Ligand SMILES: *Cc1c(COP(=O)(O)O)cnc(C)c1O
């Protein structure tokens with residue numbers, strides 16, 4: 001990944017490497033073949049910009065996309081006119097016609113939804129494709145085992161519904177030895193035998209690393225496509241896609257006993273040099289990555305060296321101890337908040353959360369540069 005110069009109107013840059021994104025998709029596709037590898041692009045492609053991410057994945061060969069909400073459907077349909085698009089949150093009150101208009105397939109999670117979709121299908125007099133989500137132990141979306149049996153006994157409830165995919169979602173796939181994985185797998189196999197034949201899917205990024213028993217006909221990675229490692233036990237064959245950088249606005253030297261930041265939570269115990277960097281919690285650096293003298297928080301990369309955040313993370317600024325860094329960084333230099341060896345997972349750990357949350361919040365007000373994927377050009381978001 002090459003660095004761009006920061007533009008004049010914003011100190012920060014979010015670089016998204018679309019070439020690496022495509023390479024990640026191909027590596028996952030190869031790892032799960034002959035199962036199909038779809039792409040989960042909900043939440044604006046995990047914050048990276050569906051408008052750029054979706055065409056890059058399509059060009060790599062991806063033909064099935066998952067979004068969460070229907071409001072993403074219109075844009076994504078325009079980007080990939082002939083792809084299959086599923087909406088994970090399913091049909092909301094009265095939204096069924098809209099699904100049909102944009103040819104988005106709802107993931108149906110209750111008998112009510114099935115019946116609503118069935119009514120639309122019967123009115124249009126053609127089978128309307130959909131996926132069915134069955135719950136196997138996560139207790140979030142999906143038909144309960146009892147609902148599955150009821151549907152099996154009363155198939156007319158789904159009259160007109162073209163059932164293309166039956167899916168479920170794992171609760172503990174990030175812990176490969178957790179017994180719940182096998183329990184959910186067995187429940188899924190048992191319940192799907194009661195239903196009409198359709199493609200089956202249970203694995204997201206972490207689930208697909210649990211091995212071929214979890215691949216079925218289709219896998220649904222999101223996080224791994226964007227370079228995330230959902231499973232610390234076994235690395236997915238992917239590499240980082242994002243780099244977040246921002247500028248040093250100011251450098252100050254402080255004496256022992258002086259404090260840095262709100263609430264004076266960090267006290268210098270030696271003559272210290274502090275870099276003030278233009279990124280804060282409004283840019284996705286969690287306030288939980290703040291550091292006191294007793295608690296080390298987040299860090300940034302200055303070249304190949306890790307420099308610790310000191311004091312509170314505020315809305316627009318962080319303060320970093322650069323006393324030991326040589327050659328001395330200068331005002332205007334870019335530092336790296338994610339990337340250059342500092343992973344999403346590192347940032348997640350430093351702020352008491354997971355890389356997913358870090359990823360989806362990155363750099364909303366920063367300049368965006370997209371590399372590879374057929375077009376190396378910047379775009380101010
Ligand atoms: C978000 C989501 C995925 C993708 O999960 P990742 O861990 O990002 O790969 C897959 N399936 C469902 C049902 C989801 O909600």
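Within the stretch 230-242, if we keep just the residues that are within 20 Å of residue 49 (Cα to Cα) and in a loop (DSSP other than H, G, I, E, B), the residue that is nearest to the ligand (Cβ to nearest atom) turns out to be 238. Being in contact with a helix residue (DSSP H, G or I) (Cβ under 7 Å, 6 or more places away or on another chain), at pLDDT 95 or above and farther than 12 Å from residue 243 by Cα, is that true of even one residue in the stretch 360-368? Yes - at least one qualifying residue is present in the stretch 360-368.
Within the stretch 131-161, the set of residues being more than 14 Å from the ligand (Cβ to nearest atom), touching a residue at least 40 places away in the same chain (Cβ under 8 Å) and either within 12 Å of residue 110 (Cα to Cα) or outside any helix (DSSP H, G or I) (or both) comprises 145, 148, 151, 157, 158, 159, 160, 161. Criterion applied to 241, 313 was being within 29 Å of residue 21 (Cα to Cα) and in contact with a helix residue (DSSP H, G or I) (Cβ under 9 Å, 6 or more places away or on another chain), and the one residue passing it is 241. One residue alone among 322, 277 is within 32 Å of the chain's Cα centre (by Cα) and closer than 30 Å to residue 49 by Cβ, and that residue is 277. In the stretch 1-99, counting only strands (runs of 3 or more DSSP E) that sit wholly within it, the ones holding 1 or more residues that are away from the ligand (no atom under 16 Å from the Cβ) and either crowded, with 18+ Cβ neighbours inside 10 Å or within 17 Å of the chain's Cα centre (by Cα) (or both) span 13-17. What about residue 171, is it at pLDDT 95 or above, in contact with a helix residue (DSSP H, G or I) (Cβ under 8 Å, 6 or more places away or on another chain) and farther than 30 Å from residue 211 by Cα? So residue 171 does not fit the description; no.
When only residues in the stretch 100-130 that are free of Cβ contacts under 8 Å to residues at least 60 places away in the same chain and under 26 Å from residue 183 (Cβ atoms) count, which is surrounded by the most Cβ atoms within 10 Å (Cβ to Cβ)? Here the residue is 108. So how many residues does the stretch 208-229 have that are in a helix (DSSP H, G or I) and closer than 22 Å to residue 84 by Cα? Summing the residues that are in a helix (DSSP H, G or I) and closer than 22 Å to residue 84 by Cα in the stretch 208-229 gives 6. Test residue 252 against the stated conditions and say whether it is away from the ligand (no atom under 16 Å from the Cβ), part of a strand (DSSP E or B) and surrounded by 20 or more Cβ atoms within 10 Å (Cβ to Cβ). Against the criterion (away from the ligand (no atom under 16 Å from the Cβ), part of a strand (DSSP E or B) and surrounded by 20 or more Cβ atoms within 10 Å (Cβ to Cβ)), residue 252 does not qualify.
The values are calculated or read from the model by the stated rules, or taken from the named source; none is laboratory data. Because the structure is predicted, anything quoted here is derived from the model rather than measured. Here the Cβ is made from the backbone with ideal geometry for all residues, glycine too, and neighbour counts use every protein chain on show.
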